[in-house]
Structures are given as structure tokens and as C-alpha cells.
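Here is the structure we will look at.
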């Protein structure tokens, strides 16, 4: 009886722990955000993140992909700068990069590349950067973004610079190629 | 009988777990530091090494020399033999400073950029140095450990499982603990009071002491952002202002004066002022960035870098009339130093926004000529193509 109770308890703990992550794969559409894409197979999506789509395979400390949308009036987390409807792609990229650089948990933030790119068929940007987190782990990021009317759309990939970034970069580029902007409803 | 034994055991454990938090301040060169204090110093050294290797330090040898000179005049040479104070600067726009128990003091560029003169710098240094001379880190560590030991002893006595978790963690993150929350209110007040005496002994103007914290308080109010650090929080800043104001009131009027050395301070921090302004711009804190650039221009009106900062602020803030202001400052920056490509790009973007496509193209071309391998070359070429009516 006691052994069964322990087993049930363990199962409950495991289920509660896994409840935050759902296995994903295949098409994903958000009519609220006006986006669609194809998730890679075998990745897990966080269901505690309500404002972003966050997926990982080995854990967010090692690698994750994120899809974000903002209204131009939305406040960003680390910079007080805001988007404006008439911004050029390089000005939009500047706001995103400054938000990242102003994160107090991000150390030695360095931009490696900042170039124009089509994002979901719209004129946008692609930036790549490196930084260290508070534990001294060096991470690498790749961020595509575009401003369509009064909404910003961003899709990014962040991973430990050593081993993990290169491991899933191609997977991310494949996801990015399926990324479509249908505009929020 | 059994009850007496339990009480005796509890008392022995409580006493053996409690180390004194009453330690004499370091005022001479022959202080015998205790074992746990030496371990704390060793941890501080590790944290200092981590900060050095982490790439977060702001490198300006002349500034470092100046800061360490100001620190040296504040405490007697004997004290320096026991605690070899070294001042470092961290590249960070937040309002913060903290001290390791071994005398390593860290000041953020953001805090230095808000100061006006050497007397204000000395106020901060004297406050921070007092944390080390009065051994606040080990006193606070022991106080926390004693409480943990007390609770552990009580837990043992009443028969539950004793848990003394996190003591080893306490030894680490010394700097971050002090930086974020500061020390206890009593220790911070002691740092104000003793620091104030050091300031006066060195001949600095004591009336500057509260002004530093007044500026910081105004800054945090203006920005409306709760800074995560000790020197950026309203209650802590108000405490400092209250303490220093009381200390000044107790002085006879003749003693309310001293040296301020604003020129020496500005000379030493001139480069930092503008570099920190760029960090403030990134964070969207245009007010402090604008004040820093204007402070630089007030003493040296022909500083191209300050005009560039103002151009960047007005272009990105984009309030009414800002584009014209940006145009003026970018043009002045180019007039003072035509070799720097950055204001050409800013000017090009401003012209583009104002609809003057020909002027935009000319300025953007000048940017690419000055910076042929600019990382954002692709954007600039794309904008020129758009101006020419050729989109990719």
C-alpha cells in the first residue's frame, strides 16, 4: 500500500513537472497574432509563456526558438524605446538590439551581423549576436524581425555558442522559411 | 532532568554557533583578520577575478589612476596597508556601486556620469570604503550565520530536522548581495557617518554629499523606473540624503566648505560621460543622455562626440522639433570631425525622414565612403536604392 502511494506520488510529481511543456511538431497557426509556421518534430513548447511562442529540445538553458509579436505602443522589457509605424528596417533592428543590450542579465553583448532580410515576405532584418549570461555561459542568437503597419513580428533562435548553436541552426532556418505573417485578426 | 539536559545542549550549540559581530574597525596596518574573514576575502578575490575575466570592466587607465588617487587621500596610509583599496569601473548605465571586503570597489559608469565634481565622488568612495574598514561584510555574514545557527539549534531541540541550507552560497555572491540590497540600515548609516568624517578630513566640501544623492533621486523619479540596485532605489537614496543633511546641520557654519574640484573630475570622466550616454540611449533613457552631452559641451563646446550623442538622441526620441535639432547637431559633429562616418549616417536618416531624398542620399554615400565595411552597409545601400526608385 505504502509502495503504491509512493509510485502514485512520483507519477503526480512527474506529470506536474511536464505540465509546463507540450511536445510539438508540424503546422502551427495563431489567428490572434496573425502568424503561422511549422514546428520541428521532437521539440517541446512552453505553455506558461503566454505572450510568446517558446520551443526547445534540450532545455531553454541550452537552446530555444521564440516567436514574438508586439504592437508599436507596447513597452519593451529593457529599453524605454518604442517602435514607430514609419521606421526603416534598420531602425527596427536598432530597437530590438538595444532592448537586448540593455538587459542587465546580458553581459558583453556583441552584434556580429545586421543585414536586411525578407521576413515572412516583408522587408525586415536579420541580426546575429553573442553574449554571456550571468553564469558566464556564452550564448549566440539569430533574430529575424519586421514591422508591418503597427505590429512587430520577430522570430529568433538562441543557443549555447559551443556545440548547441550550430547543432540546431539549420532546424531554425527551416522553421524560419515556413514563417508566414497573415496579420493579426 | 531530561529537560535540563536539552536546555544545556541547546545553549552550548547556540553559543558555539554564534561568532561575535562586534569587530574593531581597521585603522592601522597590523590588523589580525580572523579565519572566516580571510575566507571571505578569498571569495572576494574569486569574484573580482570573475568580473575581470567577464569583460564587464570599463578600461580607461587615466580614469582609473584618478579614481584611485582620490581614494588614497581619503584614508590614512596605515589603513591602506591592511586593506589595499582598488577602484574599478563597470560599463553599465545603472546607478550602482559596491565594495568587496578586501577593498575592491566597483562603480558603474552610470553612477560616475551623474556626478558633478570630485567632492561628490569622494562622498561615494568614503561611504564604500567605510563598508570595508568597518568590516561590514563579515559582520553581516556572521549575523546571518548566527541566526541560521540559532534556528538550527532550536530545530534540533524541538526534535525536527535541522536544516542550515545556503550557508555556503552566502559566502559567494558577496558583491551582488551588497550591490542589490546594500547592508543593514545601521551599517549604511555608519558608512554615511564615518564616510562623512573621511570626506571632511580630506578637505572636500561636505555640502556636496547630499547633492550627489539628490541628483540620483531626481534621475530615478524622472525615469520612473525602479532601478534594481541600492543606489537607484528611492527609500535608500532618501536615507542617504537625510543622514548627510543631518551631519551638515551639526557642523559649525565655518566648517561647511571645502574643495570640490569640478574641472579635475570632468577632465577624468569626459570620455566616460559620452560612452555612458550611448548606453543610456540604448536603454531609451534620453534625459540623462542629453544632460551628459550638454555637460560635456558646456566645458568644451567643440566636442564632436557630444554633438553626435545629441543628434542620436533627437533622431531616436522623435518628439516635435527633434528632427531639426538632430540635423543641427549631426551637421555640427561633421563640421568638427568630418572623418567620423557615424554623424553622416544619422544625418542621412534624418534627411530621409524629413523627405529630402537628395540630401539623404548624399549623406548616406558619405557614410559608406567613410565606413566601407560598415556592418549595416546592406541597409544603407537598400535605402539609397529606394531613393533611386530601384528596390531589390
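Quick notes on this structure:
- Of all residues in the stretch B:265-312 being within 11 Å of another protein chain (Cβ to nearest Cβ) and over 19 Å from residue B:220 (Cβ atoms), the one that is surrounded by the most Cβ atoms within 10 Å (Cβ to Cβ): B:312
- Residue tally, condition more than 9 Å from chain B (Cβ to nearest Cβ) and closer than 15 Å to residue A:147 by Cβ, over the stretch A:92-102: 2
- Restricting attention to the stretch A:74-89 and to residues that are closer than 21 Å to residue A:119 by Cα and out of contact with any helix residue (DSSP H, G or I) (no Cβ under 9 Å at 6 or more places or on another chain), the residue that is farthest from the other protein chains (Cβ to nearest Cβ) turns out to be A:74.
- Scanning the stretch B:341-375 for residues that are more than 13 Å from every other protein chain (Cβ to nearest Cβ), crowded, with 16+ Cβ neighbours inside 10 Å and closer than 17 Å to residue B:322 by Cβ yields a count of 2.
- Sole exception among (1) farther than 20 Å from residue B:349 by Cα; (2) part of a loop (DSSP other than H, G, I, E, B); (3) touching a helix residue (DSSP H, G or I) at 6+ places or on another chain (Cβ under 6 Å) for residue A:58, by number: (3)
- Against the test of being surrounded by 22 or more Cβ atoms within 10 Å (Cβ to Cβ), touching a strand residue (DSSP E or B) at 6+ places or on another chain (Cβ under 7 Å) and part of a helix (DSSP H, G or I), the options B:63, B:111, B:51 yield a single qualifying residue, B:111.
- Subset of the stretch B:82-97 [over 20 Å from residue B:283 (Cβ atoms), touching a strand residue (DSSP E or B) at 6+ places or on another chain (Cβ under 9 Å) and touching a residue at least 24 places away in the same chain (Cβ under 8 Å)]: B:85, B:87, B:88
- Taking the criterion of being modelled with pLDDT under 95 and more than 9 Å from every other protein chain (Cβ to nearest Cβ), the residues of the stretch A:103-121 that qualify are A:103, A:105, A:106, A:109, A:110, A:120, A:121.
- Number of the exception - residue A:68 against (1) over 27 Å from residue A:31 (Cβ atoms); (2) in contact (Cβ under 8 Å) with a residue 60 or more places away in the chain; (3) surrounded by 15 or more Cβ atoms within 10 Å (Cβ to Cβ): (1)
The values are calculated or read from the model by the stated rules, or taken from the named source; none is laboratory data. Everything quoted here is computed from the prediction, not taken from an experiment. Using ideal geometry, Cβ is built from the backbone for each residue, glycine included, and neighbour counts are taken over all protein chains shown.
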